[in-house]
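Trainee: Take a look at the following structure, please.
Nothing in this text is a laboratory measurement; each read-out follows from the coordinates by a stated rule. Nothing here was measured: the structure is a model prediction, and the numbers come from that model. Reconstructed Cβ throughout: ideal geometry from the backbone, glycine too, with neighbour counts over all protein chains shown.
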Amino acid sequence: MTNSPFGKQVANRNFLSGIAFKFNLTKFPKVDFFSNSARIPELSLELAQQSSYLKNIAVPGERLTFGDFTLRFLVDENMENYQSIYDWLTGLGFPESGKDFTRIITDSDGQRDPKEAFCDGTLSILNSNYREVAKVKFNDLFPTSLTSLDFDATATDVQFFTAEATFKYTIYKLSSSITWILNKFRKCGRKTPR
């Protein structure tokens, strides 16, 4: 390795764009196509207090707190994507009978599995060339709220509906796709692309 001053320079001077992303829900593929806003939730570490005769000192704690995941999506004309989140949410909440919950937790083979109430989701972050540079994988998502749709016949312009769904999850993991691609090249014995 050389001590060249160019080796310490930033390799990519492009900035991350907020409009280049894809979201995919494994349970409902129609929602990801119409999503137009998603946010990586906040992550915070709880602090512990170390006593001192002058003042308490904050030290890193042991527990992470994850914020809610919010997804805004365009509602399609047949309301299929809105209906899928609505059915999932009402199935979890037993609105009319236990049959709604049973429908949510029954897998494709007809077997009841409580894990079917959850699903995983992936937020793919894209660079300026619309190539994936990172993934945020959410484990065990389930909806907690779905916004209303306000119909108004007095509107002068046609405005397409957007709905917002809020999800809870167990954990999310942020991983770089660049590292994954480089490791794949190295395992295959190929030269790393530049």
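Trainee: Which whole-Hz couplings ³J(HN,Hα) result when phi for each residue of segment 161-169 is put into the Karplus expression 6.51 cos²θ - 1.76 cosθ + 1.60, θ = phi - 60°, listed in order with x for Gly and Pro?
Mentor: 6, 10, 10, 10, 10, 10, 10, 9, 7
Trainee: Still on this structure, please answer the following. Show me 104-114, 70-80, 38-48, 162-172 ranked by packing, highest mean number of other Cβ atoms within 10 Å first.
Mentor: On the way: 104-114: 10.5, 70-80: 15.3, 38-48: 13.0, 162-172: 16.8.
Ranking the peptides 104-114, 70-80, 38-48, 162-172 by packing returns 162-172, 70-80, 38-48, 104-114.
Trainee: With a sphere of radius 12 Å drawn around the Cβ of Tyr86, what net charge do the other residues whose Cβ falls strictly inside it have (Lys, Arg +1; Asp, Glu -1)?
Mentor: On the way: positive: none; negative: Glu80, Asp87, Asp100.
Here the count lands on -3.
Trainee: Which of rounded, prolate or oblate describes segment 28-182 when judged by the alpha-carbon gyration tensor and an a/c cut-off of 1.5? Don't skip to the end; give the middle numbers.
Mentor: On the way: a/c = 1.69, a/b = 1.46, b/c = 1.16.
Prolate, because a/c is 1.5 or more and a/b exceeds b/c.
Trainee: Is segment 110-157 rounded, prolate or oblate when judged by the Cα gyration tensor, a ≥ b ≥ c being the square roots of its eigenvalues, rounded requiring a/c under 1.5 and prolate requiring a/b larger than b/c?
Mentor: Working: a/c = 3.55, a/b = 1.17, b/c = 3.04.
Oblate, since a/c reaches 1.5 and b/c is not below a/b.
Trainee: Where Lys and Arg each count +1 and Asp and Glu each count -1, what net charge lies around Tyr172 among other residues with Cβ under 13 Å from its Cβ? If you can, show how the numbers build up before the last one.
Mentor: Numbers: positive: Arg39, Lys135, Lys137, Lys168, Lys173; negative: Glu42, Asp68, Asp120, Asp140.
Summing Lys and Arg as +1 and Asp and Glu as -1 gives +1.
Trainee: Continuing with this model, one more query. Taking the Cβ of Asn127 as the centre, find all other residues whose Cβ is under 15 Å away and add up their charges (Lys, Arg: +1; Asp, Glu: -1).
Mentor: That sum, taken over residues with Cβ under 15 Å, equals +3.
Trainee: Sticking with this structure for a sec: Can you pull the semi-axes for segment 52-115, root of five times each eigenvalue of the Cα gyration tensor, sorted largest first, whole Å? Present the calculation step by step, with values, prior to reporting the outcome.
Mentor: On the way: eigenvalues 341, 77, 25 Å².
Its equivalent ellipsoid spans semi-axes of 41, 20, 11 Å.
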